[in-house]
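These notes are about the structure you will find just below.
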Amino acid sequence: MKVDENFRCGLVAVVGRPNVGKSSLINALLGQKVTIVSDKPQTTRNRIRCIYSDDSVQIVFIDTPGIHLPLHRLGEFMVETARRTLDEVDLVCYVVEATDRRIRPEDERILAFLEATKRPVLLVVNKVDRLKNREDFRQAAELYQARFRAIQILPLSATSGTNLPLLLSRITEALPEGPPLYPDERIMDHPEIFLAAEIIREKILLLTREEVPHSVAVEVEAFQTPEEYPERDVAYIRAVINVERPGQKGIIIGKGGAMLRKIGTLARAGLEEMLQEKVFLELFVKVREDWRKSEKDLKRFGYRP
Ligand SMILES: Nc1nc2c(ncn2[C@@H]2O[C@H](COP(=O)(O)OP(=O)(O)OP(=O)(O)O)[C@@H](O)[C@H]2O)c(=O)[nH]1
Ligand SMILES: [Mg+2]
């Protein structure tokens, strides 16, 4: 990578309450899937560095769990993870929704965190595609503007692509000059095996309801690609879907195994897209009672501060 002396590089935390589109925004900016998305709140559970590079800038986005009012140890870990990220970055992208007409308790928490860290904040008013009149985003913007000073306010749509290039240039302007932190082909800090487990979890979020999506933790036990294991002609992935209750196990398996087959089909397609090769996927379902409350299980699944 040629690096000129005006090259900029920095860390950008993407924060907001659950489901506002933080992960969607990062995937859209990078032009590929690095972090999972779903219509269920509390999809993202870890902080994930997602790296955008071009000739003049490297932006290290940090996707964070949605800040909410936690009900169990996993939730506390998630909120703590997001809060701590604020202290490590050059800039914060605070994502809210264009349809917001009041400040919710979750956003009150975020506003308090932002005030405490004193980092520059860029307010992203996402989902403008949902407004009949796009100018109505100003109502949401004013609501938050009354509470803190943003260095910029940008209406945006992660799914329609509105204002994505503008956001990239606004972020670039706000970052310090300096050399890149990562080689330019690098797109995330976690290994592929992490994204593989996340992709399987994403399909379960898509296909299940209520408590089930939140009660799932996926562990990849084997991840063997033909490059590393020449005896294999396709990638071999074996994963365990952990749930909290026997009833949830029944739901994940489904009638005659129908649900597990559906999950497997979608997950395999997602994994093949990620790896760009054929995948043989084996899934197992296990009950681990109340794992979301167990410090030991949280550690085991990689949810540790
Ligand atoms: N209409 C519309 N929907 C969007 C937009 N951006 C994201 N979404 C949808 O909003 C939902 C949540 O998206 P995510 O990217 O998972 O949200 P998140 O903020 O990362 O959520 P957590 O990880 O749970 O904190 C998904 O159904 C997305 O498809 C947008 O610009 N317009
Ligand atoms: Mg997310």
**Asked** Of all the strands (runs of 3 or more DSSP E) wholly in the stretch 113-229, which have at least 3 residues that are surrounded by 19 or more Cβ atoms within 10 Å (Cβ to Cβ) and either assigned by TED's automatic domain parsing to the domain that holds residue 251 or more than 16 Å from ligand 1 (Cβ to nearest atom) (or both)?
**Response** 217-224
**Message:** Within the stretch 83-92, does at least one residue satisfy the condition of being under 15 Å from the mean Cα position of the chain (by Cα), within 12 Å of ligand 1 (Cβ to nearest atom) and buried (at least 19 other Cβ atoms within 10 Å of the Cβ)?
**Reply:** no
**Asked** Quick one: is residue 34 in a loop (DSSP other than H, G, I, E, B), more than 8 Å from ligand 1 (Cβ to nearest atom), closer than 26 Å to residue 193 by Cβ and open to solvent by less than 10 Å² (accessible area, probe 1.4 Å)?
**Response** yes
**Prompt:** Given the structure, is residue 271 outside the structural domain of residue 36 (by TED's automatic domain parsing), assigned to a helix (DSSP H, G or I) and under 19 Å from the mean Cα position of the chain (by Cα)?
**Reply:** yes
**Request:** For residue 29, indicate whether it is near ligand 1 (Cβ under 7 Å from one of its atoms), assigned to a helix (DSSP H, G or I) and not β-branched (Val, Ile, Thr).
**Result:** no
**Item:** Within the stretch 53-66, tally of residues that are away from ligand 2 (no atom under 11 Å from the Cβ) and within 30 Å of residue 103 (Cβ to Cβ)
**Value:** 4
**Prompt:** Is there a residue being in a loop (DSSP other than H, G, I, E, B), within 15 Å of ligand 1 (Cβ to nearest atom) and crowded, with 22+ Cβ neighbours inside 10 Å anywhere in the stretch 44-62?
**Reply:** yes
**Message:** Just to be sure before I move on: is residue 248 in the same structural domain as residue 201 (by TED's automatic domain parsing) and over 22 Å from residue 207 (Cβ atoms) in the structure I sent?
**Reply:** no
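The values are calculated or read from the model by the stated rules, or taken from the named source; none is laboratory data. Keep in mind the model is a prediction, meaning the values are calculated, not measured. Reconstructed Cβ throughout: ideal geometry from the backbone, glycine too, with neighbour counts over all protein chains shown. Just so you know, the surface numbers come from the protein's heavy atoms only, side chains and all, with ligands and any DNA or RNA stripped out. Shrake-Rupley method; radii C 1.70, N 1.55, O 1.52, S 1.80 Å.
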